[in-house]
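Beneath this line is the structure, given in structure tokens, with notes to follow.
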Amino acid sequence: MQNSESITIFHMTLLSMTAIGFKNHVLIIPPLLQSAGRDAWISLLIALIFSLLWGLLLIYIHNGMQQQHITQWLTQRIGKFFTIIIIAMICIYITLQAAYTLRDTIIWIKINFLPSTPLPFGGVILGSLCCLAAASGLRTLSIVNFFLLAVVLVLGFFVAIVNLQFKDYSLLLPVLENGFKPVLKASIYPQSGIIELILFILLQQKIMTPFRYRHIVVNILLLVGLTLGPLIGAIAEFGPVEASKQQYPAYEEWGLVQIGQFVEHLDYLSIYQWFSGVFIRTSLLLLVMIELLNIQKKRNRNILWFVTFVVVVILTQLPISDMKLHTLLKDVLLPMTVFFMIGLSLLLTLLVRITRKKGSTQQ
């Protein structure tokens with residue numbers, strides 16, 4: 001299904017690398033290290049196995065829906081009332097994720113670079129930029145992402161290679177010193193990132209050609225790689241105890257960068273990586289939400305963009321402490337993501353199955 005806003009599966013993959021990769025790279029590693037310690041990388045491998053199996057469900061759903069808009073497809077099968085409930089739940093989830101991403105970024109900026117800047121100022125500036133980018137359309141966002149991601153990847157490889165001098169991979173051993181249960185329990189955190197690949201279903205009407213299982217596998221492996229690199233790097237550079245105490249281990253790795261005797265303090269380069277990830281992730285989430293609501297009139301869409309902007313900015317200003325916010329992420333938001341997305345996947349699978357049975361019966 002092609003239109004002026006259609007993108008290729010390649011560009012959709014790049015968008016997932018930036019949008020979901022930011023979550024895996026920044027938001028998931030701290031709770032993963034706190035729960036599994038030096039065995040966190042094993043939790044990631046467990047999540048990989050689960051995700052590859054879940055990917056089969058994703059393809060089954062995609063083939064059954066035939067690239068139809070999910071809102072229209074659901075309305076035809078379960079009626080408008082139940083469709084509104086499901087879409088509303090997805091939109092609430094997306095709003096919470098977008099608000100948390102922006103709030104976390106605003107706090108990070110205030111702590112590290114602009115301590116005197118009021119939180120509302122950062123929320124309004126970042127929120128308006130993301131809303132404007134999302135309103136420009138999926139194709140425009142994918143083009144911008146292409147150039148942003150290229151530099152992000154170069155900087156990522158740069159910090160990984162330069163910091164080899166500080167890495168001690170013996171800190172990854174011994175394996176399973178606290179048993180298998182903490183490792184298995186912690187696997188829910190990387191799963192909460194990878195499972196956001198359900199965005200492929202939510203935006204399937206915007207992808208030029210049907211995607212295959214191999215495309216999902218490639219995306220899963222890329223996201224695992226984006227998590228595994230900084231995760232192992234944090235353990236090898238700081239040790240499992242110190243790494244688990246850090247709020248942003250991926251950012252702290254930049255503080256170690258040193259080239260010779262005179263080149264150091266390059267952690268300012270991480271600002272580009274962080275902002276690129278936040279910008280694309282938040283913009284894409286907001287775009288998906290507006291797409292789900294399937295509003296065609298430009299005036300109504302503009303009103304909805306403004307309302308979305310106001311709601312997200314207000315949520316970023318809620319009087320919640322930094323520690324409570326990260327506890328909320330670890331204990332509620334990340335596990336909730338997995339359970340909600342699995343439930344949504346199973347529901348869509350069931351509806352596809354029923355539709356196919358009805359079709360075969362009528363024939």
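Quick notes
- Some residue of the range 269-292 being more than 30 Å from Ile92 (Cα to Cα), touching a residue at least 24 places away in the same chain (Cβ under 8 Å), surrounded by fewer than 19 Cβ atoms within 10 Å (Cβ to Cβ) and not hydrophobic (A, V, I, L, M, F, W, C): no
- Members of the range 236-272 that are part of a helix (DSSP H, G or I) and under 30 Å from Ile198 (Cα atoms): Ser244, Pro249, Ala250, Tyr251, Ser270, Ile271, Tyr272
- Qualifying residue in the range 53-71 (condition: under 30 Å from Asn178 (Cα atoms), part of a helix (DSSP H, G or I) and of a type in the set (A, V, I, L, M, F, W, C)): yes
- Qualifying residue in the range 129-144 (condition: β-branched (Val, Ile, Thr), surrounded by 12 or more Cβ atoms within 10 Å (Cβ to Cβ) and in contact with a helix residue (DSSP H, G or I) (Cβ under 6 Å, 6 or more places away or on another chain)): no
- Single match in Thr349, Thr355 (criterion: part of a helix (DSSP H, G or I), in contact (Cβ under 8 Å) with a residue 60 or more places away in the chain, closer than 18 Å to Met89 by Cβ and of a type in the set (Val, Ile, Thr)): Thr349
- Close Cβ contacts (under 6 Å, 6 or more residues apart or on different chains) running from residues in the range 66-81 that are among the hydroxyl-bearing types (Ser, Thr, Tyr) to residues that are in a loop (DSSP other than H, G, I, E, B) comprise Thr71/Asn294.
- Among residues of the range 253-284, those that are more than 18 Å from Leu226 (Cβ to Cβ) and among the aliphatic types (A, V, I, L, M), counted: 6
- Residue within the range 164-184 that is part of a helix (DSSP H, G or I), among the aromatic types (Phe, Trp, Tyr) and surrounded by 16 or more Cβ atoms within 10 Å (Cβ to Cβ) present: no
- Scanning the range 104-118 turns up no residue that is of a type in the set (Gly, Ala, Ser), in a helix (DSSP H, G or I) and in contact with a helix residue (DSSP H, G or I) (Cβ under 9 Å, 6 or more places away or on another chain).
- Of the residues in the range 278-296, not one is among the hydroxyl-bearing types (Ser, Thr, Tyr) and part of a loop (DSSP other than H, G, I, E, B).
Only the coordinates and a few stated rules stand behind these numbers; no lab work does. Keep in mind that this is a model prediction, so the values were computed, not measured. Reconstructed Cβ throughout: ideal geometry from the backbone, glycine too, with neighbour counts over all protein chains shown.
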